[in-house]
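Below is one structure, written out as structure tokens; comments come after it.
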Amino acid sequence: MSLFTINFSFFLINFSVILTAIVLFNLKFSTTYSVFLIILWLMISVFTIPGLVASFAAVQEWQTNGSVSFFKYFFKEWFDSQKNYRINFGLGLVASLFILLNKVTLGSPVWHMAVLIFTFVYFMVLVATGFQLATHKFDSILTLFVEKPFPIIISVIVFLILILMNFVLQLAFLSVICSVSLPTYVSYRLLGGQIAKKD
């Protein structure tokens, strides 16, 4: 139930982001593409990044206080995460730039591979930021990177594998449970999140 409610809450918030991304990926370079890219940047900044922070916060609440429904808690944490607007819009802008660069370099294997490598590094920053903002376990995000570089790498790999499994297998149970909340839970454990259930 905890995994389901966290995952469903995330997708409820990000449904419009997913639709916008699908439309954008099917557009050719044009004024329309530029407009959709700007819209996607704003949506990632307002919905996706705060949603990831809320997912980590909900997982922490689950791990420390036991299994419950997290709909209300998730949306509260998502709303509270809006106060980190500089980080949200900064990370959202970088995400939009990588989306653009991946499209631009698609015909050049060397440059495209370089962009993919930097995109992976971006995902590492995204996971570390989400965990740190939600848990405040480390003094800073940089401290987290220094102390837990390999767990962060493994966390990103788990995220990407489960997301790709959704696209390839298209299984309903993966979509409702494994796509966001399960990798968030795995990342939380790998990065040393607090475990102290009361039940």
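The values are calculated or read from the model by the stated rules, or taken from the named source; none is laboratory data. Everything quoted here is computed from the prediction, not taken from an experiment. Cβ atoms come from the backbone with ideal geometry, glycine included; neighbour counts cover every protein chain shown. Quick note on the areas: whole protein, heavy atoms, side chains included, nothing else; ligands and nucleic acids left out. Shrake-Rupley method; radii C 1.70, N 1.55, O 1.52, S 1.80 Å.
Among the residues of the range 91-124, those identified as within 25 Å of Ile154 (Cα to Cα) and among the hydroxyl-bearing types (Ser, Thr, Tyr) are Ser96, Thr119, Tyr122.
Annotation: Trp78 fulfils all but one of (1) in contact (Cβ under 8 Å) with a residue 60 or more places away in the chain; (2) open to solvent by less than 40 Å² (accessible area, probe 1.4 Å); the unmet one is (2).
Scanning the range 84-98 for residues that are closer than 28 Å to Ala196 by Cα, under 18 Å from the mean Cα position of the chain (by Cα) and open to solvent by 20 Å² or more (accessible area, probe 1.4 Å) turns up at least one hit.
One residue stands out among those in the range 103-124 that are more than 23 Å from the chain's Cα centre (by Cα) and closer than 28 Å to Pro151 by Cα: the one that is surrounded by the fewest Cβ atoms within 10 Å (Cβ to Cβ), which is Val110.
Looking across Trp62, Trp41, one residue alone is buried (at least 18 other Cβ atoms within 10 Å of the Cβ), out of contact with any Cys (no Cβ under 7 Å at 6 or more places or on another chain), assigned to a helix (DSSP H, G or I) and at pLDDT 95 or above. It is Trp41.
Could you identify the single residue in Ser9, Ser34 that is hydroxyl-bearing (Ser, Thr, Tyr) and either surrounded by fewer than 14 Cβ atoms within 10 Å (Cβ to Cβ) or assigned to a loop (DSSP other than H, G, I, E, B) (or both)? Give the derivation first.
Working: Ser9 fails: either surrounded by fewer than 14 Cβ atoms within 10 Å (Cβ to Cβ) or assigned to a loop (DSSP other than H, G, I, E, B) (or both).
When all the criteria are applied, what remains is Ser34.
Quick one: in the range 187-199, which of the residues that are surrounded by fewer than 18 Cβ atoms within 10 Å (Cβ to Cβ) and either within 13 Å of the chain's Cα centre (by Cα) or aliphatic (A, V, I, L, M) (or both) is modelled with the lowest pLDDT? Selected residue: Ala196. Residues that are out of contact with any Phe, Trp or Tyr (no Cβ under 7 Å at 6 or more places or on another chain) and without any contact (Cβ under 8 Å) to a residue 40 or more places away in the chain: does the range 54-72 have at least one? Yes, that holds for at least one residue.
Residue under question is Leu144, and the condition is that it be within 12 Å of Leu191 (Cα to Cα) and buried (at least 18 other Cβ atoms within 10 Å of the Cβ); does it hold?
On the way: within 12 Å of Leu191 (Cα to Cα): yes; buried (at least 18 other Cβ atoms within 10 Å of the Cβ): yes.
So Leu144 passes the test.
In the range 157-186, of all residues being part of a loop (DSSP other than H, G, I, E, B) and either of a type in the set (Gly, Ala, Ser) or modelled with pLDDT of 75 or more (or both), the one that is surrounded by the fewest Cβ atoms within 10 Å (Cβ to Cβ) corresponds to Ser179.
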